[in-house]
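Undergrad: Structure in structure tokens, see below.
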Amino acid sequence: MSRQVPDDEINGRGGETVVNIDGVTKRYGSLTAVDDVTIPIRDGEFLTILGPSGAGKTTLLHMIAGFEQPTTGEIYINDQPVSNEPPNERDIGLVFQSLALFPHMTVKGNIAFPLKMRRDDPGDIEGQVEEVLELVRLPLEYKDKPVEDLSGGQQQRVAFARAIVYEPTLLLLDEPLSSLDKKLREEMRAELSRIHDETDLTIVHVTHNQTEALSMADRIAVINGGALEQLDPAKEVYANPGTPFVAEFIGNTTMLAGDVDRVSDGGAVATVGRGEIAFPRGDGLSSGRPVQLGLRAEKIRIDASDPGTENAFEGTVRQVAFEGDQTQYVVDVAALDARLEVTHQDPKPDTVFERGDSVTVGWAAEDVFAYPE
Ligand SMILES: Nc1ncnc2c1ncn2[C@@H]1O[C@H](COP(=O)(O)OP(=O)(O)O)[C@@H](O)[C@H]1O
Ligand SMILES: [Mg+2]
């Protein structure tokens, strides 16, 4: 369990495909919960499936686990189609939001449960339980405590321990941290990353929380309305969102609708309202065609004196939220007929604007995401 995984096998870089979700669709009557999704999951990676509530995340996970069957398409584990394999033969560990622990049973009883179900040699069970307690950093003396005497964070650790004690090929996590408070959630995020680093587990994790996805995942699969929007390394998904949905869903992004005015070697320009916005030249752009532009709040400078950027507009502060390390603004920009969300990081106390202040907002052309329609 504690084999060190070479660097090229993790981070979604070199691993073989261990699970292949291949053209999978799931219909419930007339509702398409999962719509022709293909995701090859690599050995040893931490893959996060990210999407809003109702996007089809749990349905996808349930099909990998074997609780649901695809309507069309197939799921392969180690190159074998598994549609006819019941859940208990799929070698998969599971942690759901409701931890589904047995509250009156001891920690050991809970963790040993899957080993007993698998009829492992009883002589080995004690050792396996101790090894996994160490991995999830629960004190060995907790073994004989009833689970209900443990704190929320400790119960979370027991749930992880139970899911990985028999060293499954794959660990599936469905919003496992969503019932924890903020501080504990951050702690368990770090713990999950550490457990992933210290084992050769392949993890498929489902969440609607972008911060959770960005902080833990090697790769993120963004799904919306059952369909795959983007599958890329986490940093790439953030830096280069592939669709307007991804741009809007991840990060704090204002979307503006415009029309392409001109495209040259140096870049492109769109008209938005009565203004013009410069953005990078990209594929599929032609004059006169509609385009959606995405602006990240932290890329917009709010600075009355010198925005120093290609796109600069007069605006009026509509909302201010001073958060200490940053200030969040909503700025009305009349020329664009738009309301922009702006994050000013590390503000000096005397540079915090007030509601009603006139400001200049500006951003670099290269920081604009553009999606031709
Ligand atoms: N057993 C079911 N029967 C009918 N509809 C379902 C069933 N399970 C899920 N759905 C529907 O499928 C869609 C996707 O659900 P789900 O996979 O739970 O989304 P998520 O986990 O992303 O919130 C939703 O519209 C949900 O209502
Ligand atoms: Mg769900």
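Computed from the coordinates by the stated procedures, all read-outs in this text should not be read as laboratory data. Keep in mind the model is a prediction, meaning the values are calculated, not measured. FYI the Cβ positions are ideal-geometry reconstructions off the backbone, even for glycines, and counts take in every protein chain you see.
Undergrad: Under the rule of -39500 (n - 2.57) per DSSP H run of 4 or more residues, summed and divided by the residues of the chain, what mean residue ellipticity at 222 nm is obtained, to the nearest 500 deg cm²/dmol?
TA: Counting only the DSSP helices, I get -6500 deg cm²/dmol.
Undergrad: Stokes-Einstein D for segment 50-208 at 10 °C, 1.306 mPa s, Kirkwood Rh over Cα pairs, in µm²/s? Mind showing how you got there, number by number?
TA: Details: Rh = 16.4 Å.
In µm²/s, the coefficient is 97.
Undergrad: Holding the Cα-Cα limit at 25 Å, pick out from LYS57/LYS145; LYS143/LYS182; LYS57/LYS235 the pairs that are longer than that. Provide the component values of the computation, followed by the final result.
TA: Details: LYS57/LYS145 34 Å; LYS143/LYS182 27 Å; LYS57/LYS235 21 Å.
Result: LYS57/LYS145; LYS143/LYS182 exceed 25 Å.
Undergrad: At 37 °C and a viscosity of 0.692 mPa s, what translational diffusion coefficient does Stokes-Einstein give for the chain, taking Rh as the Kirkwood radius over Cα pairs? Give it in µm²/s as a whole number. It would help to have the intermediate numbers written out before the result.
TA: Details: Rh = 23.1 Å.
Once the numbers are plugged in, D ends up at 142 µm²/s.
Undergrad: At a Cα cut-off below 22 Å, give the lysines reachable from LYS348, other chains included and same-chain residues fewer than 8 away excluded.
TA: LYS299
Undergrad: Using only Cα atoms and rounding to the nearest 10 degrees, what angle (0 to 90) does helix 122-135 make with the longest principal axis of the chain?
TA: 30 degrees
Undergrad: Where the centroid of each part is defined by its Cα atoms, how far is segment 268-306 from segment 309-364 in Å?
TA: With segment 268-306 and segment 309-364 each reduced to a Cα centre, they are spaced 17 Å.
Undergrad: Using +1 at the C-beta of Lys and Arg and -1 at the C-beta of Asp and Glu, which of PHE245, ALA234, GLN80 has the Cα lying farthest in the positive direction of the dipole of the chain?
TA: Result: PHE245, furthest along the dipole toward the positive end.
Undergrad: Between GLN326, GLN154, GLN230, where does the largest GNM mean-square fluctuation fall for the chain, given springs only between Cα atoms within less than 10 Å?
TA: Among GLN326, GLN154, GLN230, the largest GNM mean-square fluctuation belongs to GLN326.
Undergrad: What's the local net charge at GLU187, with K and R +1, D and E -1, over the other residues with C-beta under 15 Å away? Before the final figure, lay out each step's value.
TA: Working: positive: ARG137, ARG157, LYS182, LYS183, ARG185, ARG189, ARG194; negative: ASP181, GLU186, GLU191, GLU212.
Taking every Cβ under 15 Å from that of GLU187, the sum is +3.
Undergrad: So what's the angle, to the nearest 10 degrees on a 0 to 90 scale, between helix 107-117 and the longest Cα principal axis of the chain?
TA: 70 degrees
Undergrad: Over 5 Å intervals from 0, what percent of Cα-Cα pairs in segment 212-277 sits in each interval?
TA: 3, 15, 20, 18, 16, 12, 11, 5, 0
Undergrad: Follow-up. Check cross-link reach from LYS26 to the aspartates and glutamates: straight Cα distance under 12 Å, and skip same-chain residues fewer than eight apart.
TA: Straight-line reach from LYS26, under 12 Å: ASP35, ASP36, GLU68, GLU74.
Undergrad: Taking LYS108 as the anchor, which aspartates and glutamates have their alpha carbon closer than 14 Å to its alpha carbon, excluding any fewer than eight residues away along the same chain?
TA: Result set, ordered by chain and number: ASP124, GLU126, GLU130, GLU131, GLU134, GLU141, ASP144, GLU148, ASP149.
Undergrad: Quick check: net charge around GLU175, other residues with Cβ under 12 Å of its Cβ, Lys/Arg +1 and Asp/Glu -1?
TA: Values: positive: LYS57, ARG185; negative: ASP174, GLU212.
Combined, the nearby Lys, Arg, Asp and Glu give 0.
Undergrad: For the chain, modelled as a GNM with alpha-carbon contacts under 10 angstrom, which of ASP265, ASP181, ASP144 fluctuates the most?
TA: ASP265
Undergrad: Top mean-square fluctuation among LYS108, LYS143, LYS182, Gaussian network model of the chain, C-alpha springs under 10 Å?
TA: Of LYS108, LYS143, LYS182, the Gaussian network model singles out LYS182 as fluctuating most.
Undergrad: Same structure again: With charges set only on the Cβ (+1 for Lys and Arg, -1 for Asp and Glu), what does the dipole of the chain come to about its Cα centre, in debye to the nearest 20? Numbers along the way, then the final one.
TA: Details: 34 positive and 64 negative charges, 169 e Å.
That gives a dipole near 820 debye.
Undergrad: Using the alpha-carbon atoms, what tilt in degrees (0 to 90, nearest 10) does helix 182-198 show relative to the longest principal axis of the chain?
TA: Roughly 60 degrees, rounded to the nearest 10.
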